[in-house]
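These notes concern the structure reproduced below.
The values are calculated or read from the model by the stated rules, or taken from the named source; none is laboratory data. Just so it is clear, the model here is predicted, and its values are computed rather than measured. Positions of Cβ are backbone-derived with ideal geometry, glycine not excepted, and every protein chain shown enters the neighbour counts.
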Amino acid sequence: MNSSITFRLSFPECQTHYVNVDMHIQGFSTQKQLDVKMPVWAPGSYLIREYAKNVERFSVQDEQGIDVLHEKTDKNTWRIWTEGQDVHIRYSVYAFERSVRTSFIDAQHAFLSPVGIFFYIDGHLAHPAHIMIDLPPAWSKISSGLPKIAEQTFYAENFDILYDSPIEAGNQDTWLFDVDGTLHECCMVGKADYDRDRLTADITTIVREENKIWGSNPNDYYLFITHHSQSGSGGLEHLNSTVLATPRFHYANPVTYKAYLSLVAHEYFHLWNVKRLRPKALGPFNYNVENYTTALWIMEGFTAYYDNLIIRRCGFYDEKEYLQQLAQDFNTVYNRPGYTLQSAAAASFDAWIKQYRPDENSHNTSISYYNKGAMLAAALDTKIIAHTEGHRRLDDVVRAAYEKFYLIENRGFEEAEFQRLAEEIVGTDLSDIFRAAHELVELDYNRYFHAVGYELIDSNQENKTLSLGIKTVNNDTRVIIKNIDRDSAAWQAGLSVDDELIAINDYRIDGNGKAIDHVLATVQAGDEIRMIVARDGIIEYIPVTLQYANKKSFVIQRMESASDEQRRLGDIWLSL
C-alpha cells in the first residue's frame with residue numbers, strides 16, 4: 001500500500017485541556033477530494049456523543065504549507081479538495097470530560113478516547129495508521145493496546161482497531177504479569193491506596209477463571225487502565241484493553257474492593273462477549289449513526305450475570321454475598337415501574353435514547369438490560385444445570401457460541417440462531433427464556449431456582465408501610481420532589497416533579513422528613529391527607545389518598561425443603 005495516514009499528537013498547553021493533532025495524508029493521488037469524519041459514538045457506549053463538537057482550529061495545508069480548499073459539509077464531516085496531493089490536516093481537540101468513554105487532559109495526564117481524537121477518511125476505515133505522540137517534558141509514559149513500533153510511535157492495522165485502543169499518557173504506575181501465556185499490564189492513574197501484589201494475585205485468579213469458561217484467550221497482551229478519583233466509577237471494554245474508573249479509597253474497604261474486582265471481571269469478560277462473540281449489528285461498525293440491536297440483554301446482561309458469579313467462583317464472595325448481589329438485580333428491576341412497559345430487548349434497542357439519557361420519569365418507563373439480562377441469564381443457567389443433571393451449564397453455551405460464530409465463522413449472530421445453538425448444546429427447548437426477553441410477561445423465576453434448591457422471596461410482601469411514592473432532594477431548606485412512582489399515591493393525586501413540599505396535614509415540612517414520617521405513622525391506607533406545595537412559585541393545595549408501599553425487597557436463599565438432588569445441583573451452580 002503506497003498511501004499512508006500518520007497522526008502526530010502534541011500537548012503544548014496540556015493544562016488548558018487541549019491536544020493538537022497533525023493528520024498527514026499521503027499517496028491518495030487518484031482522489032481529487034477526501035471526506036474526513038469524526039465518529040459520533042463509541043462502541044460499547046450506545047449514545048450519540050457528537051465528538052466533533054470538541055474540534056477546533058481545523059486547517060489544511062499541502063506539503064509546501066499552502067492552504068488547501070475545504071469546507072464542513074455536516075456536523076462531523078469536512079470535505080477537502082486535495083486534487084490528489086498530500087496534505088496535513090491540523091486541528092485541536094478540547095478534552096475535559098471525566099469518564100471511561102470521553103477524553104480528559106490536564107497538567108498531570110492525558111486520557112485519549114480515540115473516537116473523539118482521530119478522523120478517518122470516508123471509505124477507508126480499513127486503512128492502517130501510525131500514531132506518534134510528543135509528550136510534555138514532565139510526562140514519561142504512554143500506555144495503549146496498540147503495538148509500539150518505535151519510541152512514542154504506535155501502529156493501528158485499521159481504524160476499527162485504532163478506535164478500540166484507548167491511550168493513556170503521563171506518569172501512570174504500571175506493571176506487567178503473565179497469566180496463562182497472556183501478558184497483562186496494570187496502568188493505574190492518579191493517587192490511590194491499592195496494593196500491587198494483591199491486585200496482581202486477585203486479577204490473575206479472575207483471568208484464569210474466565211479463560212476456563214471460554215476455553216482460550218485470544219490476546220497475547222491485555223491492558224487494564226484504571227482511573228482514580230474522588231467518586232467516579234464505571235468501565236468500558238475494548239478489544240485488548242479496558243478502561244476502569246473507581247474511587248481512590250475503595251481498595252481498603254472489603255465491600256468496595258470486591259465491587260472493583262467485579263468490575264474487572266465484567267470488563268474482562270467482554271473481551272470475548274461483545275468484542276468477539278457479538279450480534280450482527282455490532283460490527284463492522286458504522287461510526288456515523290446509531291447501530292441498533294435487541295441483543296444487549298445477552299451481551300451486557302450475560303456479562304452482568306457472570307461478573308459477580310466469577311467473583312463467587314474465585315472465592316472472593318461467599319455464598320451469601322453472591323446471592324445478595326444477584327437479588328439486587330431483581331430488586332433493581334422490580335422496583336422500577338417501567339418493567340411493566342419495557343422488555344429487555346426493547347431496552348437494548350432503545351439504549352440510544354433511554355439508557356444514557358435518564359430523566360425524572362425514566363424509572364417509570366424503562367429498565368436496564370444489564371439487570372434484566374442478568375435475571376434471564378440466571379434462569380437460563382439454572383434451567384440448563386437442572387435439565388442436564390449438572391453436566392452442562394451456561395458456560396457451555398457461551399463457549400460453543402464463541403467457537404462457532406467467532407473462531408470458526410468469524411461473523412455476528414442473530415438471536416434466533418444463538419437460541420438454536422444453545423438448545424442443541426443443552427438438548428431442550430429454551431424458548432421460554434428467550435421469548436421472555438422480548439415480552440412483558442414475567443417469568444416465574446422460582447420455577448428455575450427451585451430446580452437447583454433455591455428460592456426467591458420478597459421479604460416486603462407482608463409489609464404494610466404507607467408511602468407517598470416519591471423521592472425528594474433537599475435544596476438548602478427546601479424539600480423538592482425528584483421523582484414520583486407510577487400509580488403511587490402522589491402520582492394519582494397529581495403531585496409533580498419539582499414541586500416544593502411545604503406542609504402535610506398542617507405540619508411544616510423540613511429536610512429531616514419527620515413531619516411526613518409522623519403523619520404516615522398516624523393514618524391508614526385510604527385516608528386522605530392535605531399537602532401544600534409550591535409549584536413554579538404558586539401555592540397549591542393537593543389532597544392525597546394514601547396507599548401501601550409496593551417496593552420489593554428480594555432475597556435468594558436455599559430451600560429448607562430441597563431434596564438431595566436439588567442441593568447437589570445447587571452446589572454445582574454456586575461451586576468454587
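Conditions: (1) surrounded by fewer than 18 Cβ atoms within 10 Å (Cβ to Cβ); (2) in a loop (DSSP other than H, G, I, E, B). Residue 403 meets all but one. Number of the miss?
(2)
Return the total of residues in segment 200-237 being among the aliphatic types (A, V, I, L, M) and over 23 Å from the mean Cα position of the chain (by Cα).
At the first step, the residues of segment 200-237 found to be among the aliphatic types (A, V, I, L, M) are 201, 203, 206-207, 213, 223, 225, 236.
Next, only the ones that are over 23 Å from the mean Cα position of the chain (by Cα) stay: 201.
Matching residues across segment 200-237 total 1.
Residue 294 passes all but one of (1) in contact with a helix residue (DSSP H, G or I) (Cβ under 7 Å, 6 or more places away or on another chain); (2) among the polar types (S, T, N, Q); (3) free of Cβ contacts under 8 Å to residues at least 60 places away in the same chain; which number fails?
Among (1) in contact with a helix residue (DSSP H, G or I) (Cβ under 7 Å, 6 or more places away or on another chain); (2) among the polar types (S, T, N, Q); (3) free of Cβ contacts under 8 Å to residues at least 60 places away in the same chain, residue 294 violates only (3).
How many residues does segment 459-471 hold that are surrounded by 13 or more Cβ atoms within 10 Å (Cβ to Cβ) and in contact (Cβ under 8 Å) with a residue 40 or more places away in the chain?
So the answer is 6.
Restricting attention to segment 182-193, does a residue exist that is of a type in the set (A, V, I, L, M, F, W, C) and in contact with a Pro (Cβ under 7 Å, 6 or more places away or on another chain)? Even if it seems obvious, please write down each step before you answer.
Of segment 182-193, the ones of a type in the set (A, V, I, L, M, F, W, C) are 183, 186-189, 192.
This time we only want the ones that are in contact with a Pro (Cβ under 7 Å, 6 or more places away or on another chain), so: none.
Checked segment 182-193: no residue is of a type in the set (A, V, I, L, M, F, W, C) and in contact with a Pro (Cβ under 7 Å, 6 or more places away or on another chain).
When you look at residue 397, is it of a type outside the set (S, T, N, Q), crowded, with 21+ Cβ neighbours inside 10 Å, more than 22 Å from the chain's Cα centre (by Cα) and closer than 26 Å to residue 265 by Cα, yes or no?
The answer is yes for residue 397.
Using beta carbons and a limit of 9 Å, which pairs, at least six apart or on different chains, have the first residue in segment 419-436 and on the phi > 0 side of the Ramachandran plot and the second one in a helix (DSSP H, G or I)?
From residues that are on the phi > 0 side of the Ramachandran plot, the pairs are 427/387.
Scan the strands (runs of 3 or more DSSP E) fully inside segment 18-67 and keep the ones with 3 or more residues being assigned by TED's automatic domain parsing to the domain that holds residue 132, in contact with a Phe, Trp or Tyr (Cβ under 6 Å, 6 or more places away or on another chain) and under 30 Å from residue 369 (Cα atoms). Before you say what the answer is, go through the steps one by one.
On the way: elements: 18-26, 34-37, 55-62.
Where strands (runs of 3 or more DSSP E) fall fully within segment 18-67, none carries at least 3 residues being assigned by TED's automatic domain parsing to the domain that holds residue 132, in contact with a Phe, Trp or Tyr (Cβ under 6 Å, 6 or more places away or on another chain) and under 30 Å from residue 369 (Cα atoms).
Taking residue 57 as meeting all but one of (1) surrounded by 14 or more Cβ atoms within 10 Å (Cβ to Cβ); (2) on the phi > 0 side of the Ramachandran plot; (3) of a type in the set (Lys, Arg), write down the number of the exception.
With respect to (1) surrounded by 14 or more Cβ atoms within 10 Å (Cβ to Cβ); (2) on the phi > 0 side of the Ramachandran plot; (3) of a type in the set (Lys, Arg), residue 57 is out only on (1).
Restrict the check to segment 484-506 and report whether at least one residue is surrounded by 14 or more Cβ atoms within 10 Å (Cβ to Cβ) and of a type in the set (Ser, Thr, Tyr).
Yes, there is a match, as at least one residue in segment 484-506 is surrounded by 14 or more Cβ atoms within 10 Å (Cβ to Cβ) and of a type in the set (Ser, Thr, Tyr).
Taking segment 541-553 as the region of interest, how many residues are surrounded by fewer than 16 Cβ atoms within 10 Å (Cβ to Cβ) and over 34 Å from the mean Cα position of the chain (by Cα)?
Total satisfying the criteria: 4.
Kindly list, by first and then second residue, each pair from a residue in segment 505-524 that is closer than 19 Å to residue 545 by Cα to a residue that is aromatic (Phe, Trp, Tyr), limited to pairs with Cβ atoms under 9 Å and residues at least 6 apart or on different chains.
Close Cβ pairs (under 9 Å, with a partner that is aromatic (Phe, Trp, Tyr)) amount to 515/507; 516/507; 518/507; 519/507.
Inside segment 338-359, can you point out the residues that are surrounded by fewer than 17 Cβ atoms within 10 Å (Cβ to Cβ) and more than 24 Å from residue 101 (Cα to Cα)?
340, 341
Sort out which residues of segment 199-228 are surrounded by 13 or more Cβ atoms within 10 Å (Cβ to Cβ) and closer than 23 Å to residue 247 by Cβ, and write them in order of number.
Answer for segment 199-228, where residues must be surrounded by 13 or more Cβ atoms within 10 Å (Cβ to Cβ) and closer than 23 Å to residue 247 by Cβ: 199, 200, 202, 203, 205, 206, 223, 224, 225, 226, 227, 228.
Take the residues in segment 62-78 that are crowded, with 16+ Cβ neighbours inside 10 Å and touching a residue at least 24 places away in the same chain (Cβ under 8 Å), then tell me which one is farthest from residue 48 (Cα to Cα).
Across segment 62-78, the extreme among qualifying residues is 78.
Among the residues of segment 374-385, is any touching a Lys or Arg at 6+ places or on another chain (Cβ under 8 Å), touching a residue at least 40 places away in the same chain (Cβ under 8 Å), in a helix (DSSP H, G or I) and surrounded by fewer than 20 Cβ atoms within 10 Å (Cβ to Cβ)?
There is no residue in segment 374-385 that is touching a Lys or Arg at 6+ places or on another chain (Cβ under 8 Å), touching a residue at least 40 places away in the same chain (Cβ under 8 Å), in a helix (DSSP H, G or I) and surrounded by fewer than 20 Cβ atoms within 10 Å (Cβ to Cβ).
Count, please, the residues in segment 20-70 that happen to be farther than 20 Å from residue 132 by Cβ and aliphatic (A, V, I, L, M).
Of the residues in that region, 9 qualify.
Return the residues of segment 216-269 that are among the hydrophobic types (A, V, I, L, M, F, W, C) and part of a loop (DSSP other than H, G, I, E, B); say none if nothing qualifies.
Restricting attention to segment 216-269, the residues satisfying the condition of being among the hydrophobic types (A, V, I, L, M, F, W, C) are 223-225, 236, 239, 243-245, 249, 252, 255, 259, 261, 263-265, 269.
The answer is 239, 249, 252.
Please note which strands (runs of 3 or more DSSP E) are completely contained in segment 473-576 and include at least 3 residues that are within 30 Å of residue 318 (Cβ to Cβ) and modelled with pLDDT of 95 or more. Walk me through it before giving the result.
On the way: elements: 478-484, 500-504, 528-535, 538-545, 554-558.
It comes to 554-558.
Among the residues of segment 5-17, write down those that are in contact with a Pro (Cβ under 8 Å, 6 or more places away or on another chain) and either of a type in the set (Val, Ile, Thr) or in a strand (DSSP E or B) (or both).
5
For residues that are free of Cβ contacts under 8 Å to residues at least 24 places away in the same chain and surrounded by 15 or more Cβ atoms within 10 Å (Cβ to Cβ), scanning just segment 153-198, find the one that is nearest to the chain's Cα centre (by Cα).
Applying the filter and picking the extreme gives 173.
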